[in-house]
1. Modelled label-to-label distance, LEU29 and SER80, 7 Å Cα→beta-carbon offset: nm?
2. Tell me, what is the FRET efficiency for ASP41 and VAL19 to the nearest 0.05, using R0 = 41 angstrom and their Cβ-Cβ distance as r?
3. Just from its helices, what would the mean residue ellipticity at 222 nm be for the chain, if runs of 4 or more DSSP H residues each count -39500 (n - 2.57) and the sum is divided by every residue, rounded to the nearest 500 deg cm²/dmol?
4. Determine one quarter of the surface area of the Cα convex hull of the chain, which equals its mean projected area, and express it in nm² to one decimal.
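Bear in mind that the values in this text are calculations on the coordinates, not laboratory data. Just so it is clear, the structure is predicted and the values come from calculations on it, not from any experiment. Because the Cβ atoms are built from the backbone with ideal geometry, glycine has one as well, and the counts that use them run over all protein chains shown.
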Amino acid sequence: MTAVTAERRRARVAPTARVGLGMLLVLALVAVAAPLLAPHDPEAVVTSRVLGSPDLSHPFGSDVLGRDVLSRVMYALRISLLVSVAAV
């Protein structure tokens, strides 16, 4: 075995690792851009949308207070990634 093949073997990354890294990057981008991407204010209470089912305006529906679940998930992702980075 030559030095070049040994180095190539070390540099090779498993396809599943690439997929996982790609997914993590997408989640990190969504978390960073949450204020721009979130369709609604995550804290806004809309009493007419209480437990609303998913539709085009609210893809994940709404919770018991009428808040948009998709926006809340995007903002929660920011906190989850911050905690995981702080733990490492």
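1. 1.8
2. On the way: r = 33 Å, r/R0 = 0.81.
For R0 = 41 Å, the calculated efficiency reads 0.80.
3. That calculation yields -18000 deg cm²/dmol at 222 nm.
4. Details: hull surface 34.2 nm².
For the chain, averaging the hull's shadow over all directions gives 8.6 nm².
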